[in-house]
1. All but one of (1) of a type in the set (Val, Ile, Thr); (2) assigned to a helix (DSSP H, G or I); (3) over 24 Å from Val173 (Cβ atoms) hold for Val78; which doesn't?
2. Determine if the stretch 84-99 includes at least one residue that is small (Gly, Ala, Ser), within 22 Å of Ala183 (Cα to Cα) and in contact with a His (Cβ under 8 Å, 6 or more places away or on another chain).
3. Quick one: would you say Val73 is closer than 21 Å to Arg185 by Cα and in a loop (DSSP other than H, G, I, E, B)?
4. Would you confirm, using the coordinates I've provided, whether Thr94 is at negative phi, among the hydroxyl-bearing types (Ser, Thr, Tyr) and surrounded by fewer than 22 Cβ atoms within 10 Å (Cβ to Cβ)?
5. Hey, any hits in the stretch 150-163 for a residue that's of a type in the set (Ser, Thr, Tyr) and either over 23 Å from Thr181 (Cα atoms) or in contact with a helix residue (DSSP H, G or I) (Cβ under 7 Å, 6 or more places away or on another chain) (or both)?
6. Look at the stretch 69-96 and say how many of its residues are in contact (Cβ under 8 Å) with a residue 24 or more places away in the chain and over 12 Å from the mean Cα position of the chain (by Cα).
7. Grab the strands (runs of 3 or more DSSP E) fully contained in the stretch 97-193, keeping just those with 1 or more residues being surrounded by fewer than 17 Cβ atoms within 10 Å (Cβ to Cβ), among the hydroxyl-bearing types (Ser, Thr, Tyr) and more than 15 Å from the chain's Cα centre (by Cα).
Amino acid sequence: MRVPGGVLALLAAVCILCTACGCLGASSPPSSGGTTPGGGITPIDLPEPSEACTLTEALAELDLLGAEGGLNVTGTSVHQVLGAGMDLDGRAATWALGLADGEEVRWLTFGAMGWREISLRAPLPTEEVNITGVLSPEDLLATQEGVLRPVMVRLDADTVDIALAEGVYTVTVRSNAGMETLAFRADTGEVIV
């Protein structure tokens, strides 16, 4: 199978996005062994990170944020969608959108801290993604579970990474046992060989 160009850039972008979105676990609070009452470091309870969500749910959050005066994406067009740490139910730990804003490239990420704009020097594919004209990631994974699950079992992987660009979904299954990438048509879900 031929893998579409830019897979290495995609993998680098996913790694950067995971780091930027706070996918790292919180450290454990310090132990109280040997400290005197009222002294030392007091642990602060941080809010629980939000659970994984579908792209549809993340985009609804972006719409709400825009309506409340947050991130303004009016006049932008989506050219790439990335999802990292995704279960076969279509819920990802993080999402990223590559947006064209005139001649400017903007990257937005959604994770435990909500939507954020990040600085990322990654080029965008030229073709605009019509979000309403393609299968949602959760629908794609549901229809192709029979293809993906055996790969996940063979590689002992619990999640996949997904990229949508230029009419193609690229699904990457990776673990310590290896990595395999599969491509699907974004409009029909058909496997691309």
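1. That leaves (2) as the condition not met.
2. Within the stretch 84-99, one or more residues are small (Gly, Ala, Ser), within 22 Å of Ala183 (Cα to Cα) and in contact with a His (Cβ under 8 Å, 6 or more places away or on another chain).
3. It is false that Val73 is closer than 21 Å to Arg185 by Cα and in a loop (DSSP other than H, G, I, E, B).
4. no
5. Looking through the stretch 150-163, none of the residues is of a type in the set (Ser, Thr, Tyr) and either over 23 Å from Thr181 (Cα atoms) or in contact with a helix residue (DSSP H, G or I) (Cβ under 7 Å, 6 or more places away or on another chain) (or both).
6. 10
7. The qualifying strands (runs of 3 or more DSSP E) are 168-175.
Conditions tested, residue by residue: (1) farther than 12 Å from Met86 by Cβ; (2) touching a residue at least 60 places away in the same chain (Cβ under 8 Å).
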| residue | (1), (2) |
| --- | --- |
| Gly146 | yes, no |
| Pro150 | yes, no |
| Leu155 | yes, no |
| Asp158 | no, yes |
| Ile162 | no, yes |
| Ala165 | yes, yes |
| Val168 | yes, yes |
| Ala177 | yes, no |
| Phe184 | yes, no |
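Each reported figure results from applying straightforward, stated rules to the coordinates on display, with no laboratory input. This is a predicted model, so every value here is computed, not measured. Glycine gets a Cβ as well: all are built from the backbone with ideal geometry, and neighbour counts include every protein chain shown.
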